[in-house]
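Bear in mind these aren't lab numbers, they're just calculated from the coordinates by the rules spelled out. For clarity, every value in this text was computed on a predicted model and none was experimentally measured. Cβ coordinates were reconstructed from backbone atoms using ideal geometry, including for glycine residues, and neighbour counts include every protein chain displayed.
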């Protein structure tokens, strides 16, 4: 991998792909009529923040790392709502893979291929059920909702 592709992956593909994933969760939370939604991309000190209605988007200084979407509402979410909120994150990455694949068939270039591969990796890694300390994958959350707490 040449340095341009590596920089493109780290500073463009990873943050945008993580945002795509978190926008999937945001969409699910909106469908579940959440009272407030917060999308946080990156870690560390806040460098950017925007709030529109009940949606807040925050970008941390280390924006190349993962993100998290939190939503709340007065009524407790039903299990099926938690499941579709959770599944929409990886589904948005899968849609990005499909779109990139269609584009790649027309315009073959390394940058498009990298976007497709990274989104595919995000999709697969988030579907695998695992938990490390306080962080659980989307797959883990879905299985937990299906089979009980």
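Taking the chain as the reference, fit the longest principal axis to its C-alpha atoms, fit the long axis of helix 14-31 to the helix C-alpha atoms, and give the angle between the two in degrees, 0 to 90, nearest 10. Orientation of helix 14-31: about 30 degrees from the principal axis.
DSSP finds beta bridges in the chain, and of those with both partners inside it, around 75 percent are antiparallel. By other beta-carbon atoms within 10 Å, ranking 61, 52, 83, 12 with the fewest at the front produces 52, 61, 12, 83.
Taken along the Cα-to-beta-carbon direction at a fixed 7 Å, the label points for residue 16 and residue 102 span 1.7 nm. A simple spin-label model places the labels of residue 132 and residue 3 2.9 nm from each other, with each point 7 Å out along Cα-to-Cβ. Applying 1/(1 + (r/R0)^6) with r as the Cβ-Cβ distance of residue 110 and residue 64 and R0 = 25 angstrom yields a FRET efficiency of 0.85. Among 68, 142, sorting on how many other beta-carbon atoms sit within 10 Å of each Cβ, with the fewest leading, yields 68, 142.
Shape analysis of region 44-149 places it in the oblate category; the axes a ≥ b ≥ c from the Cα gyration tensor give an a/c of at least 1.5, with a/b not above b/c. Shown for 80, 140, 101: other C-beta atoms within 10 Å of each C-beta, ranked fewest to most, produce the order 80, 101, 140.
Taking a ≥ b ≥ c as the square roots of the eigenvalues of the Cα gyration tensor, an a/c ratio of 1.5 or more together with a/b no larger than b/c marks region 1-106 as oblate.
For region 127-148, no residue has its backbone nitrogen under 13 Å from a point 7 Å from the Cα of residue 31, taken along Cα to Cβ.
Using only the Cα atoms of region 41-96, build the gyration tensor, take square roots of its eigenvalues as a ≥ b ≥ c, and label the shape rounded, prolate or oblate: rounded if a/c is under 1.5, else prolate if a/b is larger than b/c, else oblate. Here region 41-96 falls in the oblate category. Distance from the alpha carbon centroid of region 25-51 to that of region 73-90 works out to 14 angstrom.
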